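Here is the structure we will look at.
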Amino acid sequence: MIPEYLLRALLGGIMVSVLLGMLSPLINMKGLAFLTHAIFHSLLLGAVLGMILGLLFENLSLILWMALIVTIFVVILVAFLEDRGFGSDTAIGIIASFIAGFTVLGFGILYKVMALKPYFAFSQSIVSYLTGELFLITLNDLLFLILGGVVIFFVMLAFYRDFLYVSFDAEGLESYSGNAKFYLTLLYVVVGATGALIVRTVGLITLQVIAVLPGAIALMLSNDLRKILGISLGLTLSVQVLSIILAYFTDIPPSGIATIILGLVYGTLVLRR
């Protein structure tokens, strides 16, 4: 009989696989790998703020909500700067520098708050947020992941073609009366919301790699958009399930195993070209 925690991990891994499998090709086609770096910083800032509030109010669920709020605010701000004529890398670099500074300040405040609340159970939450731990998610965590994932999935499903157009030819989309600014902002929000939703399961340290590599591998294997999406989904799902199974027997965080597997696949393809 499958242990309940393993079943929760598999269900959570499947949800993560669907989201990243669909999103990763868009990240690569639009060149948003650097945006995931900015999301990394915003998630860390949001987590630090959430930890401070979580300690003060003894409610660790605030970590996820603060990470989500801060990340969505950051990606909308990046899209706003791009609309004002800044290049993508420039806009992200400007925002990331401020986020990094605020994160350092936040850690200073966090240390002081932790000194005032030394007996509040907190260490395990920090570790799971950084490294990811599917085996530790509760039933409530799983339900939140699934419900949030379903919302993001249907948003991507409804606007996927528009996301592709804005990735390849934003100016052409505008010429056909398409609102490129809206679709670009929505794509950024989807990327940010997905990162905030899954960060506790895949880990902040490995999030960028797991979000980028499946789409990069798929683009190396095919030029057909349907095949690219299919490869990305299939690869993400198989790697997630395999990493969970291996983690079950080795007690290694699944996110670390998944990152290594994706790195080996990507490296093999690069060397064979």
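Observations on the model:
- For segment 1-105, the per residue solvent-accessible surface stands at 43 Å², with DNA, RNA and ligands left out and a 1.4 Å probe.
- All aspartates and glutamates inside 15 Å of Lys181 as judged from Cα atoms, apart from same-chain residues fewer than 8 positions distant: Glu82, Asp83, Asp162, Asp169, Glu171
- Ligands, DNA and RNA are left out, and with a 1.4 angstrom probe the accessible area of segment 126-165 is 53 Å² per residue.
- As a rough guide to protection, the peptides 202-214, 54-66, 99-111 ranked by mean Cβ packing within 10 Å, highest first, stand as 202-214, 54-66, 99-111.
- Kyte-Doolittle mean at least 1.0 and Cα axial length at least 18 Å: DSSP H helices in the chain: 4-30, 33-57, 61-83, 88-116, 139-168, 180-202, 207-221, 225-250, 254-272
- Rounded percent of accessible protein surface that carbon and sulfur make up, the chain, 1.4 Å probe: 70 percent
- Only the Cβ atoms of Lys and Arg (+1) and of Asp and Glu (-1) were treated as charged; on that basis the dipole of the chain about its Cα centre amounts to roughly 240 debye.
- Estimated distance in nm for a label pair at Leu157 and Leu221, the labels positioned 7 Å out from Cα along Cα-to-Cβ: 2.4 nm
- Segment 176-273 - accessible surface per residue (Å², probe 1.4 Å): 48 Å²
- Taking the Cα centre of segment 20-151 as reference, the dipole from Cβ charges on Lys and Arg (+1) and Asp and Glu (-1) amounts to some 180 debye.
- Probe 1.4 Å - accessible area at Thr185, Å² to nearest ten: 40 Å²
- Computed from the C-beta positions of Lys112 and Phe73 and an R0 of 35 Å, the FRET efficiency is 0.90 to the nearest 0.05.
- If R0 is 22 Å, the Cβ-Cβ spacing of Leu139 and Leu56 corresponds to a FRET efficiency of close to 0.25.
- Seen from Thr131, the other residues with C-beta closer than 13 Å to its C-beta sum to a net charge of -1, counting Lys and Arg as +1 and Asp and Glu as -1.
- Between Asp162, Asp224, Asp83, the GNM of the chain built on Cα springs shorter than 10 angstrom shows Asp224 fluctuating the most.
- Pairwise label distance in nanometres, Ala33 with Leu269, each label 7 Å out on the Cα-Cβ vector: 1.2 nm
The values are calculated or read from the model by the stated rules, or taken from the named source; none is laboratory data. If you're wondering where the values come from, they're calculated on a predicted model, not measured in any experiment. Note: ideal-geometry Cβ built from the backbone for every residue, glycine included; neighbour counts use all protein chains shown. Accessible surface is based on the protein model in full, side chains and every heavy atom, while ligands, DNA and RNA are left aside. Shrake-Rupley method; radii C 1.70, N 1.55, O 1.52, S 1.80 Å.
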